[in-house]
Every structure is written in C-alpha cells, then in structure tokens.
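A quick write-up on the structure given underneath.
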Amino acid sequence: GNQKATHSENSQGKKSQHAEEAIFYMNCRAAYLTVLKSSLENIKSKEQLSLVLQQAGRNPSQKTINKYWTSQTTSLNFDDFCAILKKEKPATKNELLEAFGKIDTDKAGYILHDELYKILTTRGDKMTWEEVATITKQADFNCSGKLDYNKFCELYLTTSEQCCKAARDRLEVDPRLRQQQFGNQTENSSEGITLPVSKPSPRISRKTDHKLAKGDSRAPSRPSSAQSGKASTSTTVAVGASSSRSTKLIIEPDTMKEWQCAQSKGCFYLEEDGEIISHKYRLHLPHRSAVCITIKPLNIPQAEGKSCPWLSVDTALFILKENETQENLQLVSFTELQNKETFGWRGELGSGVYWLLPFTTGCRLRKVKTQIPGEAKLVWRDEDGELALTKEFRAALLDIFETIDLDGNGLLSLEEYNFFELRTSGEKCDQEAWAVCKENFEMKRNELTRQGFMDLNLMEANDRDGDPWDLWVTLLSLGYNRALEMTEACPFVIDICAERCKARIKAISLEAGGSQLSRALCRSVVNKGEAKVLDGSENIIIHTYKSGSRITSVIENKSENKVIIHVNNEQSKNCLNNRGLTVFAVEVAPKSMMVSQHVMPLNEQEEWIYSCVHSLV
C-alpha cells in the first residue's frame, strides 16, 4: 500500500512538473510572438530583446541586456530567449520591497520624492527627470511628496502579470499561432548550425536493437509518453559501473621520452546566467609531426580535509585548423580517448596554426544552491591594528595564483594578469599601470611573484579600510562561494607533445565557446556517432555518440520546415543532463542541426542507463 502511494505521489509530481514546463514554454512563445512574427525569426537588436523580455513580465536593466547582447552578438533566436527567461526570473514582491527597504532606512514605508529623484537619476540605469516625474505623478501610490512603495510594488506586479496575460490571450485567439504552443529550450552550447547540401548517411540505422557501442545494450522498452502515431525513436545505452573511465589513452610514456612538450593552464568559469566561458588557445606547429594533446582538471594540492570539487568535471578539447580566415575554422578532431580524468587525442598534424577550444558539458559544472554555514573571514587586524590576510584567504589566493599562472613558471606576466583582471573587473592593466605595480610589489623579470600578488590583495583591503566587499567581488567572479570553496569554476591543464618539433600554445581570449564550438561539437557527434531516423519522418535524424563518461545527442533536420522535437528521459537511471530537465522540447530550424542534450552518470560507481525517446511534436 505504501509503495502504491509513493508511486502515485511520484506520478503526480512528474505530471505537475510537465504541466509547469508546458506553461513556461507557452509563456515564452506568447511573449516572443507579441514582438516577432514567428519563433524562427531572430531578435535583431537590444531594443527588441528588451521588448520581448518585458512582454514576458521581466524588467531588464541595461546591465542585464548587455550580458546577453555583447559586442559580438548579431542576433538571438527563440532558443536563446527561452534560456534567458529560465535564468532571469521575474522580481517578487519581497525582492522589490527589500530593494526599497535599503533606501528607506527608517522603515516608514515611504520614500521622499527628492530622494527618489536623486537615486533614480544618478545610480544604475540612470533615468531622466521626466521619467521619474511620470512615477511621482501617479496618484495611486504618491501622496504629499512621498512614494508609498508598498502600493507601487503591487501595481508594478499587477501590470507585469497583465502584460503576460495579454500575450497569452493573443496566442489563444490567433489559430495560426496556437498551433505550436509547445516551445523549446536550449543551452548556449546547443546553437543550431546550418547544414550543407543533404547527402544520404551510410551510418543510419532504423533498427532499434542495433548496438551503439561495444558492451552497450539497448532495451526494447519505450516510455509511455512517446506518443503513438507520432514520429519517434528511442535509444537506450547501459553502462557498467566505472566502465566509462576505462578507455586507456593509446600512448605509453616510454614512447614519448624524446618528444618536445608544451603546456598551458586555463579555467572554465560559470557565469551568473549559467553560461560557461573559458580560455581559448592558438597552437602553432612549425613542422608536420605526430602529436599527443591532453586536457584534464588541474589538481591543486589542498589542506588536509579539503578536496577539489572540480576534479569530477568533464573536460574536452576541440582541435580546429585555421585557414584563410579565423571565421573559417575546420574541425580536425577532438579528445575522445579517456584515462580516468584525462581526455586525449593522438594523431598527425601538418605545420600551421590551430585553434584549441576547451569544452565541458555543464552536467557537473552548474549552479547548485547549497547552504553555507557562515561567511569566511578574509582579513583581520593584528595587535598593532595592522590589517592582515587570514590563513584561509591566503590559501585561496595561492590557489588562484596557481590557476591564473597559465604557463606555470611561478610568475604572472602582464598577459596572464590581464586575464585575471578581465574576469574580475572587466578592465585591463596597461604598461603604465604595470610599471606602477613594479614599483610597489615584488616582481621578477617584469612578472609578478606570489608574494607580490598577495600584497596587491592586501593593498586592496587597506584601500577600503578592511571592508572585504571588493575582495568578495573578485572571489565570486572566480567561482568561489562564501565558504571559500571553488564550486563554480574548473581550472584545467592542457599538454601538447610533438615528436618532430616544439609546439607553441598561447591563450588568446576568455569567452564563451560560441558558434565555432557548437559547430565543432555537432560535427563530431555526426561524424563519430550512430544515426537513427525518426520512424515515420525520413528527414529527422538523431545522432547519438558515447565518449568515455559522456553521451551526446544531436538532432539533424534535413527538411525544409522547422520541427519541434519532444525529448523524454524518464526511463534513464542514475543520469544527469546539462539541461536539468527530464522532459523538454527542442525547436530545430530547417536544414540545420543542434545539440539535444549531454548526459553523464550521477554516480560513476554504479551502473547508469541512458534511455531517451525523441518524438516529433
């Protein structure tokens, strides 16, 4: 009886989750189609982005808009919009009241108009006097030169909900728009890529019992949610405990004793919106040579009792050849061989310039809400009243130094330091400022020492008279939480060994992977994975590829029309995916392909089963 009750509760919970997801996608589509004619039409400007976000009940600041519309952005599609809405939650009444409460220090429930004018015209997204006047003239929440911010918040939330409802009503009334209420959601790493001229694929299999990889089995079971009568296909891969890490690199250390090696470190950083950025590299080979390239999480020795939470994060490198233009990069290969936490590639490369694009699925490097018992202390005052860094903060700074010292020579060059500055403050240090650093902090060969780096941070604490606010800004941007644990970053190390020449590797930028990485990712899965046609739909192909402890699926749409694919993982066991959703939908544009999902084991010490149904909505 208890088991039945539990099963019933789980079933009701899943239904509730599915209903919430369906409502979310409907709201996404309703808001999008209020501004644009079709969900395949792209957002072309910051103004359009701001408009569609407002239609979805958000009130984005200029800072928020700039986060998603950078200098490199030319357009955003419906998938991007859905992803943004998942990250930018609408403000709650408590949050609004808390913000006003910081201004209303007397807790009177009112803010003087003069004070409101001063704040709104000088801070954040500065408003004009006329714009503020439109707020203060509203009789509903203004009286005797004061703003009743409780009433203002109520009206604000009511107006926001009315805006969303108007968009939904329009969707209901228009039969053309109502046909496709079930929207999609995708990560930045799943950008769609346009297909070349269609060719029949020799790897396509229509048999559901075809082996995906040696040792992997497919179960005939099919989740009940795969709608009969609709085009669909199911894929099941069972992987034994820890077997996902047993593929050995085809390299014996003895064979590489005479090879010349180069190394660079780097880091994946998790942005506030869930996007992952990392260093990108240019590799120069002066001569054709046999090459071995590896990437793995950087193991930084920790104090007793402390661990490196990032060591379980998956890493990969995509190797692209530079041709006439940087935009025209050709995929050479990627690190598909695995030995424990190390991923590698071994092959022959011709002379020339290559790009190395680091990648992680986001399955294990993701936003996780954890309860922090208390905030770590960063500074303290000695008996003479002098400020000093705490032991815990010094240890964290040494780890940070180890991470940002990309060439591993124990010193920070201006280039290395600038990657740190760009990440923590968004600015770069020029030669003149570097010369000032040289006068005040310990340097060797024009590079900052560990002690110099420590003193630089102590100076920052002294500049604010012990207030650690700026120090926390630095730490949080580098992936640390308030307990001084690096939980939202993954430092890594890349090794390149060449048989007949000395390779040179150089970090070029610190940014999101973008379309080049998305294209390489899709192409690698299509080239290496197994392909299955959706039963009843010849032009929709699901490519599934297992590489070590990762399974990636790509949806290829060869048709002339956009398609919406429903993805169901309810039958999977001991799995987690990069989307954080068991059931979702993906919209794929005509003649294009995109990543459906990345999946990894939740616990590698136990068997995990990937069982996924893709069906046409």
Checklist entry - When you scan region 546-558, how many residues do you find that are over 16 Å from Ser232 (Cα atoms), open to solvent by less than 20 Å² (accessible area, probe 1.4 Å) and not β-branched (Val, Ile, Thr)? => result 4
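Have a look at Ser307, Ser312, Ser264, Ser278 and point out the one that is hydroxyl-bearing (Ser, Thr, Tyr) and more than 21 Å from Tyr480 (Cβ to Cβ).
Ser264
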Checklist outcome for this item: Within region 253-305, residues on the phi > 0 side of the Ramachandran plot and either more than 28 Å from the chain's Cα centre (by Cα) or aromatic (Phe, Trp, Tyr) (or both) come out as Gly305
Item to check | Count - residues of region 97-139 that are over 24 Å from Pro60 (Cβ atoms) and part of a helix (DSSP H, G or I) | outcome: 4
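Each row is one residue, and each column tells you yes or no for (1) in a loop (DSSP other than H, G, I, E, B); (2) over 21 Å from Ser160 (Cβ atoms).
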| residue | (1), (2) |
| --- | --- |
| Glu47 | no, no |
| Pro60 | yes, no |
| Asn66 | no, yes |
| Thr73 | yes, yes |
| Ile84 | no, no |
| Asn94 | no, no |
Checklist entry - Of all the residues that make up region 573-617, how many are outside any strand (DSSP E or B), under 19 Å from the mean Cα position of the chain (by Cα) and of a type outside the set (A, V, I, L, M, F, W, C)? => result 4
Next on the checklist: With at pLDDT 85 or above and in contact with a Pro (Cβ under 9 Å, 6 or more places away or on another chain) as the only criterion, which of Leu40, Leu49 stands out?
Outcome noted: Leu49
Next on the checklist: Tell me the residue from Lys126, Lys89 that is within 20 Å of Ile276 (Cα to Cα) and open to solvent by 70 Å² or more (accessible area, probe 1.4 Å), please.
Outcome noted: Lys89
Checklist outcome for this item: In the set Asp79, Asp104, the lone residue that is assigned by the TED database to the domain that holds Glu21, charged (D, E, K, R) and open to solvent by less than 50 Å² (accessible area, probe 1.4 Å) is Asp79
Item to check | Those residues of region 378-403 which are touching a residue at least 12 places away in the same chain (Cβ under 8 Å) and either acidic (Asp, Glu) or over 30 Å from Val493 (Cα atoms) (or both), in sequence order | outcome: Val379, Arg381, Leu387, Ala388, Glu392, Asp399, Glu402
Item to check | Residues (buried (at least 16 other Cβ atoms within 10 Å of the Cβ) and closer than 15 Å to Phe268 by Cα) located in region 486-511 | outcome: Met486, Thr487, Glu488, Ala489, Cys490, Pro491, Phe492, Val493, Ile494, Ala507, Leu510
Checklist entry - Does any residue of region 435-450 turn out to be of a type in the set (Gly, Ala, Ser), part of a helix (DSSP H, G or I) and open to solvent by 40 Å² or more (accessible area, probe 1.4 Å)? => result yes
Item to check | strands (runs of 3 or more DSSP E) completely within region 282-391 that count 3 or more residues being in the same structural domain as Tyr545 (by the TED database) and closer than 29 Å to Ser547 by Cβ | outcome: none
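The values are calculated or read from the model by the stated rules, or taken from the named source; none is laboratory data. Being a predicted model, the structure only gives us computed values, none of them experimental. Backbone-built Cβ (ideal geometry, glycine too); neighbour counts: all protein chains shown. Calculation scope for accessible area: heavy atoms of the full protein, side chains included, ligands and nucleic acids excluded. Shrake-Rupley method; radii C 1.70, N 1.55, O 1.52, S 1.80 Å.
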